Every structure is written in C-alpha cells, then in structure tokens.
Amino acid sequence: MSEKQSSDPLIIAGKAYTSRLIVGTGKYASYAQNAEAARAAGAEIVTVALRRVNLSDKSQEVLSDFVTPTEFTYLPNTAGCYTADESVRTLRLAREAGGWNLVKLEVLADQKTLYPNMPETLKAAQALIKDGFEVMVYCSDDPVYARLLEEAGCCAIMPLGSLIGSGLGIMNPVNIRLIVEAARVPVIVDAGVGTASDAAIAMELGCDGVLMNTAIAAAKDPVRMARAMKHAVIAGREAYLAGRMPKKRYADPSSPLAGLI
Amino acid sequence: MKITLNGEPLEIAAGTTVAMLVERLSAETGRDPRGIAVERNREIVPKSEHALTALAEGDQIELVQFVGGG
C-alpha cells in the first residue's frame, strides 16, 4: 500500500503530500489527544487558527508544544472572519507568525450556518493571491464560484460537503462531482463529514482529499475515528482510481451457469 | 505611558520597544516568543523591526499566536 500511495501523491501549490486527509486542531479534549489523533489519521497538514496571546491564563497549553510545526504543515485559517478585510488581516499576521504562504481562506456569512460568503471570499482570495499567498479556499458547492476561485488563482478548491460541524455528510454529490470534473487544481471536501463512509464517498466522487475536524474530535474515541478516516480516505481514493462496476437493475450471478447439476 | 495590548490598557515605560514588550510578556507567561506576531495600529511589525520600533502613547498593540482550530 505504501508504494501505491507514494506513486499517487496529492500536489498542492507544487508540493507533494502522501496523505489526502487534512485534519483540524479544534474541539479536542487536549492538544495531546489532538496530536495523537493527527498521527493516527496519517495527516501531514493540520489547520490552525490565529488568536490573541492569552496573557492572563499562564497555565494554558500551547498548540505548538504538542502539534509541532516541524511534524505537521500548519495551514492557518481565517475561522471567525466575516469580511474579506478581516480575513486578509488575519492571514498576513499568520504569515508573520509562522512564515508560511500556504493558507486556508474562509469568509463566513452568518453564525447559524457558517456558510461561506462567496462574494467576500472571492474578493479576499484575489487580494491574498496578489500579496503572494497560496490560497486553499473554503467555498460553497456552487460550480460557478468554484471556477471563479480557480481562475483567481486559488491552489485548492474546498467545497463544503455540508455545514461546518454538522456531520451531515456529502449533501450534494452531484455538485461536488461537477466541481471535480471542471477543476484543474485539487478539490478537497472541507466540512460536513460525519463518519468514515462520508469521507469514502467524497473520495469516490473523485475529490483529491478531505478536510475534517469535528468528525474526529467529537467522536467518542477520537484516535480510533482518526484511524478509521485514514482508511476511508485511502479506500475511497483506491475505489475511484479502480473505477466502479456499472449499476444494474437486476441480478447477475457471480457463479457460472454452465455445469449446474 | 498608556497603550492598549490585546484590548486591555497597559502602562509601560517611555522608550519601550516592541522587542522589549514581547520579551517581557514571554518571560512572564513562559510563552515562546518565536511564534508570536505583532500588529501595531493595524500594521504588522516584522520580527526584524521589533528592536527598532519604539512604542508611543495610545498605541493599539495586538499579539497573536496559533491555537487549535478547524
């Protein structure tokens, strides 16, 4: 399997990754559990958020002590940003804090759905790309906006499977397929995966990867679910590359009819 | 002189630079200063300029770092 996988890398902004599963670092019981889950997932990239340094609670754990930027590629996000300006400001600070150009852009529309605000997302993407960033973009499953974001220069298109943190799975597989067929950059389902079969479905649709947080962090046993997700992504990818059998309306016996006694 | 640090008022000595502020706070909190980014009045102060940038009365300073997120 390892040989097969290494011959099928995921290439984002010119860099090759073996794993097609990107995991978040939010909502875990501890950063130690988070690190263990990320390792069990086989993840090479982890999303991180940028926040004010906590100056009052000195005992608070520091992410980079557990999920280290030497072991994982940090992908700074703009979670909590509702305008293009806030997102650009956040990612410029993230670049200063970490020194990386690869970022995850998400511009949200409202707190109830955390649905992406697409006009603001496109505006932010254009500003960031002009400023030298490599932008992986969280977006709606609208194939037209996906194309516009790719034309703007985004290095990965990341449509939602369903709402962030909902665990509802891939609600619109037809649109995800349309986006995959048209895109020339990686398409990564970001948000909505609830369990392993959801991740496999995303990969069977031809997606290049899956990004998830809550599905692992909110499982009863996050480390075990991380391992399940690793296998699901590999299985879905292999099934997609293998090419599934055609569906039929009636039975087709697997054993030969000739020689029946 | 008074500045605002991460939304809270703070009294500091005149002549304090960004580098001195970051060093003082990382010593107080035990935080590694390397992963901290600084914004002064909405402009990023690059690490190379921390020691050259003196704070002024009324400055709005943001110190940020990476935390867990999805």
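Selection of the range A:84-110 for residues being of a type in the set (S, T, N, Q) and out of contact with any helix residue (DSSP H, G or I) (no Cβ under 6 Å at 6 or more places or on another chain) yields A:THR90, A:ASN101.
Annotation: of all residues in the range B:1-30 being in contact (Cβ under 8 Å) with a residue 24 or more places away in the chain and assigned to a loop (DSSP other than H, G, I, E, B), the one that is nearest to the other protein chains (Cβ to nearest Cβ) is B:ASN6.
Would you be able to say whether some residue in the range B:39-59 is of a type in the set (Asp, Glu) and in contact with a Leu (Cβ under 7 Å, 6 or more places away or on another chain)? Scanning the range B:39-59 turns up at least one residue that is of a type in the set (Asp, Glu) and in contact with a Leu (Cβ under 7 Å, 6 or more places away or on another chain). Scanning the range A:93-133 for residues that are free of Cβ contacts under 8 Å to residues at least 12 places away in the same chain and aromatic (Phe, Trp, Tyr) gives no hits.
Cβ-Cβ below 7 Å, separation at least six or inter-chain, first residue in the range B:47-67 and within 19 Å of B:GLY7 (Cβ to Cβ) and open to solvent by 70 Å² or more (accessible area, probe 1.4 Å), second of a type in the set (Val, Ile, Thr) and assigned to a strand (DSSP E or B): which pairs? Note: pairs meeting the criteria are B:GLN60/B:THR4. Considering the range A:50-77, and only residues there that are among the polar types (S, T, N, Q) and outside any loop (DSSP other than H, G, I, E, B), the residue that is modelled with the lowest pLDDT turns out to be A:SER64. Does A:ALA38 count as within 11 Å of chain B (Cβ to nearest Cβ) and either within 28 Å of A:MET118 (Cα to Cα) or touching a His at 6+ places or on another chain (Cβ under 7 Å) (or both)? Against the criterion (within 11 Å of chain B (Cβ to nearest Cβ) and either within 28 Å of A:MET118 (Cα to Cα) or touching a His at 6+ places or on another chain (Cβ under 7 Å) (or both)), A:ALA38 does not qualify.
In the range A:73-89, of all residues being within 23 Å of A:GLU44 (Cα to Cα) and open to solvent by 10 Å² or more (accessible area, probe 1.4 Å), the one that is nearest to the other protein chains (Cβ to nearest Cβ) corresponds to A:ALA79. Number of residues in the range A:51-83 that are hydroxyl-bearing (Ser, Thr, Tyr), over 28 Å from A:VAL137 (Cβ atoms) and in contact with a strand residue (DSSP E or B) (Cβ under 9 Å, 6 or more places away or on another chain): the value is 1. If you filter the range A:234-261 down to residues that are out of contact with any Asp or Glu (no Cβ under 6 Å at 6 or more places or on another chain) and among the small types (Gly, Ala, Ser), you find that the one that is farthest from A:ASP208 (Cα to Cα) is A:GLY259.
Residues are listed down the side, and each one gets a yes or a no for (1) of a type in the set (A, V, I, L, M, F, W, C); (2) modelled with pLDDT of 95 or more; (3) surrounded by 16 or more Cβ atoms within 10 Å (Cβ to Cβ):
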residue	(1), (2), (3)
A:LEU10	yes, yes, yes
A:ARG20	no, yes, yes
A:VAL23	yes, yes, yes
A:TYR28	no, no, yes
A:ALA35	yes, yes, yes
A:ALA38	yes, yes, yes
A:GLY42	no, yes, yes
A:ILE45	yes, yes, yes
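Please go through the range B:31-40 and give me each residue that is open to solvent by less than 70 Å² (accessible area, probe 1.4 Å) and either more than 7 Å from chain A (Cβ to nearest Cβ) or not in a strand (DSSP E or B) (or both), ordered by number. B:ARG31, B:PRO33, B:GLY35, B:ILE36, B:VAL38, B:ARG40 - these are the residues of the range B:31-40 that are open to solvent by less than 70 Å² (accessible area, probe 1.4 Å) and either more than 7 Å from chain A (Cβ to nearest Cβ) or not in a strand (DSSP E or B) (or both). Checking B:GLU57, B:GLU62 one by one, the residue that is among the acidic types (Asp, Glu) and either more than 14 Å from chain A (Cβ to nearest Cβ) or part of a loop (DSSP other than H, G, I, E, B) (or both) is B:GLU57 and no other. Looking across A:ARG237, A:ARG224, A:ARG249, A:ARG244, one residue alone is charged (D, E, K, R), more than 24 Å from A:GLY24 (Cα to Cα) and in contact (Cβ under 8 Å) with a residue 24 or more places away in the chain. It is A:ARG244. In a residue-by-residue description of the range A:100-121, the property of being buried (at least 22 other Cβ atoms within 10 Å of the Cβ), within 12 Å of another protein chain (Cβ to nearest Cβ) and of a type in the set (Ser, Thr, Tyr) applies to no position. Cβ-Cβ distances below 6 Å connect the following pairs, each with a first residue in the range A:41-59 that is closer than 24 Å to A:CYS81 by Cα and more than 7 Å from chain B (Cβ to nearest Cβ), a second residue that is open to solvent by 10 Å² or more (accessible area, probe 1.4 Å) and of a type in the set (Ser, Thr, Tyr), and a separation of six or more residues or different chains: A:ILE45/A:THR73.
The values are calculated or read from the model by the stated rules, or taken from the named source; none is laboratory data. For clarity, every value in this text was computed on a predicted model and none was experimentally measured. Methodologically, a virtual Cβ is constructed for each residue, glycine included, from the backbone with ideal geometry; neighbour enumeration extends over all protein chains shown. Note: areas computed on protein heavy atoms with side chains; ligands, DNA, RNA excluded. Shrake-Rupley method; radii C 1.70, N 1.55, O 1.52, S 1.80 Å.
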